[in-house]
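The values are calculated or read from the model by the stated rules, or taken from the named source; none is laboratory data. Everything numeric here is computed off the predicted structure, so don't read it as measured data. Cβ sites come from the backbone with ideal geometry, for glycine too, and all protein chains shown count toward neighbours. Calculation scope for accessible area: heavy atoms of the full protein, side chains included, ligands and nucleic acids excluded. Shrake-Rupley method; radii C 1.70, N 1.55, O 1.52, S 1.80 Å.
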Amino acid sequence: MKLTRIAGLTLAASVIAFSAAAQDRVLRIAPAAPPAHPANGVLYTNFAEYLPEESDGRLGTQMLGPEVVNLGQMKDALLSQVAEVGNFLPLYFPAELPYMSLAGELSLTSGNSQAAAAAMTQFMVECEPCQQEMTDFGFVYLGSGASDVYEILSTRPVLSVEDLNGLRLRSGGAPWARFAEHFGAVPAQISVNDTFEAVSQGVVDGSMASIADLISFRLVDVITDVTFLPLGLYQATSNFHTSGVTWASLSLEDREAMARAANRANADFTDRWGRSMPEEAEAAAREAGINLHEASPEFVAAVQDFVATEAETAAEVSVERYGIEDAADRVARFQELYSYWEGVANEVNNEPEAMAQRVYDEVWANVDFSTYGQ
């Protein structure tokens, strides 16, 4: 559905959920994911609950379904004000968001979901050129979440490096495309929403993705094998990408409330996407008769050898492709933040409420919301 047509529709027909009534301001929010996906069922559902709480009832939400605004449409939806807050994937727009894409290029090097989400959040909030590119793009950043470690979900067994040769795999971004090509597989840039159809029609042989996709996108019906490998995780997210026009219209108190609600929901989402949902998906896979494979030590070692070069590659790509001259320093800063937050996550046992509190205390509490995002 084209956004020009969407903008002309009565938004009441698109509503799938409201937070409590009688708020002073109701924001149109778009998770861009089906109800089973944690971006919808946890991230935006919880945000809709937290926002009235954090704003003392001043702010509410009106949720738009993915049939109204999907991931590929999110940029235009926010710019046109069809949506005011949306689930945005910066890797869809690497040339326009180079600094966030730099952090995304490091996806294969991360392994703890809560640490990756917190590191991404602090990296983006404290990085001046990151903030400037958001402002230039017309948006405001309110934090990130992260998936569990990616696996290979396929229609035939992948038990060794040799089994990757010629395998057509859906890729969620440049790091996984590099991995696939390095081992002789063929990466396919396909929207995650189209994965089921692509696999079922034989366009691809599988996906490099979270095992949670078995539930979120019904892949449990078409995948036959899952191979557990250290393939990083999806961390380049902007979970509550906010229209600059909307942000500018909010009071200081309401901006602070938005950040607090988003921060709480980000940690919940990461816990769901990175911990509990993968456990449920693995159980669903076993029930469906999907073969679950632990990669051999040799296979894991080969992948780890490749991943060991990814920080250097990320810096090189960011200089050559995005023109970030200090890319090596930015990469080092992200890795420093990830290492710190990994320690915090281990300290609090990855508990989402504790992580949200630490991220708020160490990141958002230091933000001047009178100028942030302006």
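The label-point distance for Asp76 and Asn346, in a model that sets each label 7 Å from Cα toward Cβ, rounds to 4.7 nm.
Between Leu159 and Glu320, 0.36 nm times their residue separation minus their Cα-Cα distance comes to what? Could the numbers behind the result be given before it?
Values: separation 161, 0.36 × 161 = 57.96 nm, distance 3.49 nm.
Length difference between fully extended and current span is 54.5 nm.
Taking a sphere under 10 Å around the Cβ of Arg25 and counting the other residues whose Cβ falls inside, with K and R at +1 and D and E at -1, yields a net charge of -2.
Restricted to Cα atoms, region 16-163 shows a radius of gyration and a Dmax of 17.3, 60 angstrom. Using the average count of surrounding beta-carbon atoms within 10 Å as a protection proxy, the listed peptides 143-153, 359-369 rank, highest first, as 143-153, 359-369.
The simple spin-label model puts a point 7 Å past each Cα toward its Cβ; for Asp56 and Glu287 those points are separated by 4.6 nm. Electrostatic tally near Ala185: other residues with Cβ closer than 15 Å to its Cβ, Lys and Arg +1, Asp and Glu -1, net -2. Estimated from helical segments only, the mean residue ellipticity of the chain at 222 nm is -13000 deg cm²/dmol, where each DSSP H run of four or more residues counts as -39500 (n - 2.57).
Filter the GluC sites (Glu not before Pro) in region 25-68 to those in DSSP coil with at most 15 other Cβ atoms within 10 Å of their Cβ, and list the result.
Filter output for region 25-68: Glu67.
GNM remark for the chain: springs join alpha carbons under 10 Å apart, and the peak mean-square fluctuation among Leu159, Leu64, Leu108 falls on Leu159. What number comes out for the charge environment of Asp254, summing +1 per Lys or Arg and -1 per Asp or Glu over other residues with Cβ under 11 Å away? Here the charged neighbours net out to -1. Among Ala95, Ala209, Ala33, the residue with the largest mean-square fluctuation in a Gaussian network model of the chain, with springs joining Cα atoms closer than 10 Å, is Ala95.
Please give the per residue accessible area of the chain, computed with a probe of 1.4 Å over protein heavy atoms only, in Å². All intermediate terms of the calculation are to be shown ahead of the outcome.
Numbers: 14290 Å² over 374 residues.
Normalised by residue count, the accessible surface of the chain is 38 Å².
Once you charge only the Cβ atoms, +1 for Lys and Arg and -1 for Asp and Glu, what is the size of the charge dipole of the chain about its Cα centre, to the nearest 20 debye? Walk me through the numbers on the way to the answer.
On the way: 21 positive and 52 negative charges, 247 e Å.
I would put it at about 1180 debye.
Taking the charge dipole of region 117-209 about its Cα centre, with +1 at Lys and Arg Cβ atoms and -1 at Asp and Glu Cβ atoms, the residue from Asn193, Thr135, Thr155 reaching farthest to the positive side is Thr155. Rounded to the nearest 5, the antiparallel percentage of DSSP beta bridges internal to the chain is 45%.
If both residues of a DSSP beta bridge must be in region 150-208, then about 35% of such bridges are antiparallel. Each Lys and Arg contributes +1 and each Asp and Glu -1, all at the Cβ; summed about the Cα centre of region 227-374, the dipole is approximately 440 debye.
Overall form of the chain: prolate. Here a/c, set by the Cα gyration tensor axes a ≥ b ≥ c, is 1.5 or more, and a/b is the larger of a/b and b/c. Of all DSSP beta bridges confined to region 117-231, the antiparallel ones make up roughly 55%.
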